[in-house]
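J.: To start, I am sharing the structure in question, which I have written as structure tokens.
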Amino acid sequence: MSDVQNEKLNALRDIILDRADGQRSVLLREAKQEADTWTAQESEKLDRETDLVLQDARNRSEDIRRRQILTAERERSTETLRLQNRLLGEALGMLQDELVRLRDRDDYPQILAGLVLEGVAAAGQEGTYRVRLAAADAALGDQVVWMVKTERPGLELTFDPNPAPVLGGVWLASEDGRRQVNADWHQRAREMADELAERLMPLL
């Protein structure tokens, strides 16, 4: 091979190498651009997914917090109601105890007679009535009837010695059994339950 041919081959080789080097630079630049574009897209996608995860976590946290608050409020309301009921029950018990202690007063027979008169007024004036007292008050039966008849001479009233199952107060019933009024201490305490509740609730 002549020197001229060698020179041509070398020149051709250099041209090919130059072109290959240029193409390689273009390919590298395009590959870098594609990689940058892909990286940016994936980063943006990852940011969106991260935001969604964080938003979901916030929503779940807020939902849990709301449920905890509602549960705490229900528990507090339940506990308050339980305390109110217990306090009301204790207050009613104390009131009934105080009513029972009326037996120690000198005017206790007058109190029982007053209950009988109230009962007669509530049941109606007509007819014959029987009065029952607690076993502890049985000895006062005739005295109570006498006091009532002294106040209402025309009233037909008798004392029933069969004790009423109460701590105190009176049971009043018509002779025919169609009308009955319970004015015992337990009943009186129950009738005052609403008033006691209204007075006690602001204290809680």
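The values are calculated or read from the model by the stated rules, or taken from the named source; none is laboratory data. None of these values were measured; they are calculated from a predicted model. Glycine also receives a Cβ, built like all others from the backbone with ideal geometry; neighbour counts cover every protein chain displayed. For the accessible areas, the whole protein counts, side chains as well, though only heavy atoms, and no ligand, DNA or RNA atoms are used. Shrake-Rupley method; radii C 1.70, N 1.55, O 1.52, S 1.80 Å.
J.: From the list P153, P109, exactly one residue is without any contact (Cβ under 8 Å) to a residue 24 or more places away in the chain and over 41 Å from the mean Cα position of the chain (by Cα). Which is it? Give the derivation first.
T.: Numbers: P109 fails: without any contact (Cβ under 8 Å) to a residue 24 or more places away in the chain.
Going through P153, P109 in turn, the sole match is P153.
J.: Do any residues in the range 63-85 that are surrounded by 10 or more Cβ atoms within 10 Å (Cβ to Cβ) have Cβ atoms under 7 Å from those of residues that are not hydroxyl-bearing (S, T, Y), where the two are at least six apart or on different chains, and which pairs are they?
T.: T80/L204; L83/L204; Q84/M201; Q84/L204
J.: Can you tell me how many residues in the range 99-126 are open to solvent by 30 Å² or more (accessible area, probe 1.4 Å) and assigned to a loop (DSSP other than H, G, I, E, B)?
T.: Qualifying residue count, the range 99-126: 5.
J.: Name the single residue that is farthest from R103 (Cα to Cα) among those in the range 128-170 being touching a Pro at 6+ places or on another chain (Cβ under 9 Å) and buried (at least 20 other Cβ atoms within 10 Å of the Cβ).
T.: Filtering first and then ranking leaves R132.
J.: Out of everything in the range 171-181 that is open to solvent by less than 90 Å² (accessible area, probe 1.4 Å) and in a strand (DSSP E or B), what residue ends up being modelled with the highest pLDDT?
T.: Filtering the range 171-181 for residues that are open to solvent by less than 90 Å² (accessible area, probe 1.4 Å) and in a strand (DSSP E or B), the one modelled with the highest pLDDT comes out as W171.
J.: Does Q96 fit the bill of being exposed (fewer than 15 other Cβ atoms within 10 Å of the Cβ), assigned to a helix (DSSP H, G or I) and modelled with pLDDT of 75 or more?
T.: no
J.: Please give the number of the condition E195 fails out of (1) surrounded by 16 or more Cβ atoms within 10 Å (Cβ to Cβ); (2) in a helix (DSSP H, G or I).
T.: With (1) surrounded by 16 or more Cβ atoms within 10 Å (Cβ to Cβ); (2) in a helix (DSSP H, G or I) applied to E195, the lone miss is (1).
J.: Something else about it: Please determine whether any residue of the range 8-16 is of a type in the set (K, R), farther than 30 Å from R190 by Cα and at pLDDT below 70. Even if it seems obvious, please write down each step before you answer.
T.: At the first step, the residues of the range 8-16 found to be of a type in the set (K, R) are 8, 13.
When the remaining residues are screened for being farther than 30 Å from R190 by Cα, the result is 8, 13.
Within this subset, residues satisfying the condition of being at pLDDT below 70 are 8, 13.
Checked against the condition, which is being of a type in the set (K, R), farther than 30 Å from R190 by Cα and at pLDDT below 70, the range 8-16 yields at least one hit.
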